Amino acid sequence: MKQANNNEVDLLLRSLARGRNESALQNRLGSGGGNQATPDHLDADELNSYAEGVVPAPARARYMEHLADCDACRGIVVSLTAAAGTATRSAASEQKGGVAFWQKLATLLSPAVLRYAVPALVLTAVIGISLAMWQQRRQHEFIAQNEPVGSSTSTRPSKQTESPTSPSTSETHSTIQKRGESPAATELFKEENNLQDDKTRVAQGAGSRTGEIASSALTAKDAGQPAELNDRLELRPGYAQEPKAAAPAPAASTLDEADKSNQVAKEQPAKREDQERQRDAYKNTPSDEHGPNRSAAPNTAGALSNRRLDGLSAGRGGPSGPEKKNKAGEKAGDVETRTVSGRRFAREGKLWVDTAYDSSRTPIKVARDSEQFRALVADEPELRAIADQLNGEVIVVWKNRAYRIQ
Amino acid sequence: MNKRTEQIENLFAAGASRLLARAAENHSLTGETLIPRIRAAVGKYVLRDDPQAAPEVVKDFIDKLQADDLCLIVACEQGNQKAWGDLVERFSATVRSAARSASSNEEGAEDLAQSIWAELHGLRVRDDGKPAGKLAYYSGRGSLAGWLRAVVAQLAVDQHRKQSRLVQPEEDADFDRIIRHGQEENTWSGHGVAVNPELEISKKLAGAEMQKALAKSIKQLTAEDRLLVKLYYFDGLRLHEAGAVLGVHEATASRRLTRVHAELRQQVERILADQGWTKPETEQAFSEVALHLEADIEPLLATEGVLMKKENEIAG
């Protein structure tokens, strides 16, 4: 509707301009003069300065006022602008060298730019460091989770049967907060963290253990049986309950950390394969980990840990094997589509085709740099948006007409 | 001399020194010879619109003057023959090119180019004994080449006006007939077979009212918007050309034009409402305008082509 209104005004303006040009021509022939309504014409210096765009803003506004009403001056400015544009382009192409570089550098380091750039850079750095630290923590957790479950059998019996769910620290946090039981649990976390600082032998697996302790604390709390932290530290379970087939070889918790790390590093590739197999199994297992019997369901713990592993592996290197396969299948089967300005386009090679396009119709070919295109987008600005957002050739159906924009 | 004037004069003197230092060839000029030129330029472009302009603004303006071009022109005005030689050598091609653009034939272009040098030098003599040429009007704000093109274009317009004052030739009577014919045939409201004469007259009147309202609405636009409308519709420029004159990108010009359409329509509706038109009447009139103009576009374009051809012949 709005576009139609604009078209009506456009047509009226064209009609008015035509009539005016004709009468101006008649006047010129009859009286020998053009538009003489404005006696104070701009002088050559003003015309040139305007055309070259070097007039200060207030003076420019004054000149525009004159040019809007003076055909003669406007005509000269139009020709000068065209000449100045050509001259500027050639000068710009010639002047691609050291001076321009230093000018750019000076502009880049100007106080006006730095005023905003420095805080932005600091903020980016802070976010980056935070992310890196977070990733590092997650990595530690990951290493810890690969720690053989039976490694602490000599000093701490497995609590798998007591707390089958062994969510990570973050999961436990969130669970606690969701349940509104945060004060006591948070206290436990604090105490446990303090204890951790004192325990020099627990280094790499700290994150995981924290989570384990918290989870067991939570379990204990659920059961209404708070336990001593030291006991919990000793009685902490393995990272997750895993099926027997995927269970890692036990390792002694009293080994020194270097030996443990080496062992874990050796076991990791095989372990990952096992985990992937587990995930496959998990996908086929109906889960109800959000239900009330969450802690009682033996498979749920494995499912949760697998989910976390999924997240970790996704964070590290994208989807796992089966997911990759699925995505590849999707890519092969699906056609890339995009929606621009309310129209849906499907990609066919380098061509974007409007889904509403009927291939039996012959589209009107319009080159992007042609005057026809400019006129078209001037009337239909949404077509410009479509042409801008879709690279390559585009076939679009617009107002019952098909256009092929090249 | 008050403090402000003194401050400005100091800025001129300092600016003249910097300008001479910037120039690759200062033609043995001194700062004093440049100060009047700088004063005139600052007064024309800065102080006229803002008499209380900050010293930084004035300093910045002076530092953006074209040092080499200004020194060359001032040296020419001082009668420096070497500078004249340089000027002619460096810019004769520019002048010829501009003259060819402004003239329809080579002979006319050559005459125009020759007359430019005479105009620049000045055929009359001022009170101080120096020639009163156009060189005195170059401020150094824009490039010398651009200024010379502008001088050529203005001279061409002046010459064209002088020639146009001659008696209208006989053959142009035919052209007048074409115009009248075009007007009668192609007025949007009068095109086609009149089924109902009363209705046709009514439509013609409505169309005339609407065009009057539109013309009035255009006058009420801001200078920049009015200039855009004039450039695009009345001068027949393309959007990117109109954008270049306005100093904006083609896309900006397009968006601005769309906004202007909406403003004009609102303004026309307001004017017609003041004249007693109802909203449905206005809507209907707009629709009919669009309908008739679209139907008439083919013959109008054909006539426009004839008119343009004839106009070019006359201009040539």
Open item on the list: I'd like the mean, over residues of A:69-76, of how many other protein chain beta carbons sit within 10 Å of each residue's own Cβ.
Closed with: 5
TODO: In nm, give the distance between the simple-model label positions of B:Lys82 and A:Ser130, each being 7 Å from the Cα along the Cα-to-Cβ direction.
DONE: 6.9 nm
- [ ] Set the Förster distance to 22 Å, then compute FRET efficiency between A:Val335 and A:Glu382 from the Cβ-Cβ distance, nearest 0.05.
- [x] 0.40
- [ ] List, largest first, the extents of the alpha carbons of the stretch A:333-405 along their principal axes, each in whole Å.
- [x] 39, 25, 20
Task: Sites B:Asn2 and B:Tyr137 - FRET efficiency at Förster radius 25 Å, r taken between beta-carbons, to 0.05 - done: 0.30
Open item on the list: Could you tell me the calculated FRET efficiency between B:Thr222 and A:His41, based on Cβ-Cβ distance and R0 = 22 angstrom, to the nearest 0.05?
Closed with: 0.55
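Which of A:Lys350/B:Lys230; A:Lys365/B:Lys212; B:Lys3/B:Lys64; B:Lys134/B:Lys219 have a Cα-Cα distance over 29 Å? Walk me through the numbers before you get to the answer.
Details: A:Lys350/B:Lys230 40 Å; A:Lys365/B:Lys212 39 Å; B:Lys3/B:Lys64 25 Å; B:Lys134/B:Lys219 34 Å.
Checking Cα-Cα distances, A:Lys350/B:Lys230; A:Lys365/B:Lys212; B:Lys134/B:Lys219 exceed 29 Å.
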TODO: Within 10 Å, count the other beta carbons around each residue, average over each peptide in B:282-289, A:109-116, and list them highest first.
DONE: B:282-289, A:109-116
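Among B:Arg39, B:Arg48, rank each residue by its count of other Cβ atoms within 10 Å, from fewest to most, as a rough exposure measure. Could the numbers behind the result be given before it?
Values: B:Arg39 17, B:Arg48 14.
Fewest to most other Cβ atoms nearby, the residues stand as B:Arg48, B:Arg39.
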Task: Average partner coverage of B:132-144, which counts Cβ from other chains inside 10 Å - done: 4
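Since every read-out is calculated from the coordinates, none of them should be taken as a lab result. This one's a predicted model, so the numbers in the text were calculated from it and none came from an experiment. Reconstructed Cβ throughout: ideal geometry from the backbone, glycine too, with neighbour counts over all protein chains shown.
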